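Notes for the one structure printed next.
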């Protein structure tokens, strides 16, 4: 999946927390978010706030789908509230896809 496809996929699944997201989809969307937030913060604090708020759901959704792809529940994203938990999430996000179906595929739309 390339940069454009990842952005398109994530916005088409804006608030879809079921299913799977590949590593490339997740990381390309994270790069898009960082670039977009960096540009908007240089322009205006208000614009930054609006964009950050608009990206909350797709970022959480792609994170949940990425965790499903490695066989974990999306609720593990709550670990990001701690520093150590963020490091654990980072480790999980870089893991390869777990082949076969898992319990989170059953809830896929």
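Each reported figure results from applying straightforward, stated rules to the coordinates on display, with no laboratory input. In this text, all values refer to a predicted model and were calculated from it rather than measured experimentally. Here Cβ is always computed from backbone atoms with ideal geometry, including for glycine, and neighbour counts include all displayed protein chains.
The set of residues in region 1-26 that are under 18 Å from residue 68 (Cβ atoms), free of Cβ contacts under 8 Å to residues at least 24 places away in the same chain and surrounded by 12 or more Cβ atoms within 10 Å (Cβ to Cβ) comprises 9, 24. Scan region 27-37 for residues that are touching a helix residue (DSSP H, G or I) at 6+ places or on another chain (Cβ under 9 Å) and more than 13 Å from residue 69 (Cβ to Cβ) and jot them down. Passing the criteria: 28, 29, 30, 31, 32, 33, 36, 37. Residues satisfying the criterion are present in region 16-24 (criterion: part of a helix (DSSP H, G or I) and within 11 Å of the chain's Cα centre (by Cα)). List, please: which pairs have Cβ atoms under 7 Å, are six or more places apart or on different chains, and start with a residue in region 73-100 that is over 17 Å from residue 28 (Cα atoms) and end with one that is assigned to a loop (DSSP other than H, G, I, E, B)? As it stands, the answer is 73/104; 74/17; 98/70; 98/71, since those pairs meet every condition given. So which of 70, 35, 50 ends up being surrounded by fewer than 19 Cβ atoms within 10 Å (Cβ to Cβ) and closer than 20 Å to residue 97 by Cβ? Only one candidate qualifies: 70.
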